[in-house]
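Below is one structure, written out as structure tokens; the observations come after it.
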Amino acid sequence: MTSIPFNYIFRNLWTRLLTTVLTAMGMALVVFVFAAVLMLDAGLKQTMVGTGSMDNVVMIRKGSDTEIQSGVYRDQASLIESMPQIARAADGTPLVSREIVVLNSLRKRAGEGEIGSLSNVVIRGLLPIGVTLRPQVKLVEGRMFRPGSTEIIVGKNVAEQFEGAQIGQTLSFAQRKWLVVGRFDGQKSAFDSELWGDAEQLMQSFRRVNYSSALAKLVDTNQFDALKADVENDVRLSLDVKREQIFYEDQSRALSTFITILGSVLSVIFSIGAMVGAMVTMYSSVANRTGEIGTLRALGFQRRNILVAFLTESLLLALVGGLLGLVFASFLQSLTISTLNPQSFSQLAFGFLLTPTIIIKTIIFSLIMGLVGGFFPSVRAARMKIVDSLRAA
């Protein structure tokens, strides 16, 4: 015999419209949570990966996890600039930016009559070449800070979230007043959550004698291994060398792991509830259609046809729920999340990102819920005997 027609399956779902909608919405909620977690992790990784370039390398003190913990001596920076693997400008100037990275507390914006909370912000002192080495960063308002001055430019997220970070305003820290002269857009990278100024002025203000890191551009991306080997073999340089993109990926690992674990736990808890709900719905469907099942069996439909029919209903419910959950989750892309980066203890803003991979994973996840939730009720329906089904009708 041929399989049960799909119009029969759709008709049964339509007949139990309220139950169908409630079950699909329950699954949609679970899918929404599952997709939101994946989107949040993808947004974080995009933010950190977009912060770096594979042509650039970051050098920090060996054993340090972040630039804040690191220290690079001036003579070490000079040695880096002399290495043959480092690219040079047309005038022969090495494309190396000596940088200092510190944390400072700024007050977040609050409603009228309220006092905003304090939050750590990354302050980066760099050379003019450091701006050039980050082509994704665009000055969108105002002008660049002048070398040797107490002028600063702020990232987009800093300007939006903190007091005194607008062009023309001043921020007080490190016993100086710093004039905000520009706002830049880091293209959704971690730089959007930073504040930039002149390296030497910031070193004096924060009473630092060493740089935090050195950012350098390779003359060729394939020269990385040679540069790394030369640095490791030079006893004067006790530095770790990483591609800039890899360096910032490592900075996001702790937060990414936390998001993944928390999201997995929530998804498992909610998915169990959704599968139980689907199972109850399908068991109810089997109980209400005992006579139909007996009639179908009497007409010659085999047990496997009944099994496939009920499983298909459950999978369709899950598919509808999955698509609804994805639609709801897609609106999250307009939101920006600000949280503490446990690696650097600074404020980090990033958004949700919906990718084709996440869509595929989410659909598969919803179909698995439908398969598990509908399997046992479908088996029960398939095992019904013809006589018992018709007698119970």
Next on the checklist: Taking R0 as 25 Å, what FRET efficiency do you get between Asn222 and Gln136 from their Cβ-Cβ distance, rounded to the nearest 0.05?
Outcome noted: 0.65
Checklist entry - Could you name the lysines in cross-link range of Lys138, using Cα to Cα under 28 Å and dropping any fewer than eight places away on the same chain? => result Lys45, Lys108, Lys156, Lys177, Lys188, Lys217, Lys242
Item to check | FRET E, pair Arg207, Ile246, Förster distance 22 Å, beta-carbon r, rounded to 0.05 | outcome: 0.10
Checklist entry - Carbon and sulfur: what percent of the range 156-274's accessible surface (1.4 Å probe)? => result 53 percent
Next on the checklist: Need one value: the accessible area of Lys361 in square angstrom, 1.4 angstrom probe, rounded to the nearest 10.
Outcome noted: 110 Å²
Item to check | Distance (nanometres) between label positions extended 7 Å along Cα→Cβ at Gln169 and Lys108 | outcome: 1.5 nm
Next on the checklist: For a protection proxy built on the mean count of beta-carbon atoms within 10 angstrom, sort 64-76, 85-97 highest first, please.
Outcome noted: 64-76, 85-97
Checklist entry - If you stretched the chain out fully between Ile360 and Asp234, how much longer would it get, using 0.36 nm times the residue separation minus the C-alpha to C-alpha distance? => result 40.5 nm
Next on the checklist: Could you sort the peptides 129-137, 255-263 by per-residue average Cβ neighbour count (10 Å cutoff), highest mean leading?
Outcome noted: 129-137, 255-263
Checklist entry - Once the other residues with Cβ under 10 Å from the Cβ of Ala77 are scored (Lys, Arg +1; Asp, Glu -1), what is the net sum? => result -1
Next on the checklist: For the ranges 231-237, 209-215, what's the packing order if you count other beta-carbon atoms within 10 Å of each residue, average per peptide, and put the highest first?
Outcome noted: 209-215, 231-237
Checklist entry - Just the accessible area per residue of the range 156-251, please: how many Å² with a 1.4 Å probe? => result 44 Å²
Checklist entry - Tell me, what is the 1.4 Å probe accessible area of Phe173, in Å² to the nearest 10? => result 10 Å²
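The values are calculated or read from the model by the stated rules, or taken from the named source; none is laboratory data. Computed from a predicted model, the values in this text were never measured in an experiment. No Cβ is skipped: glycine too gets one built from the backbone with ideal geometry, and neighbour counts run over all protein chains shown. Surface areas here come from the heavy atoms of the whole protein model, side chains and all, with no ligands, DNA or RNA. Shrake-Rupley method; radii C 1.70, N 1.55, O 1.52, S 1.80 Å.
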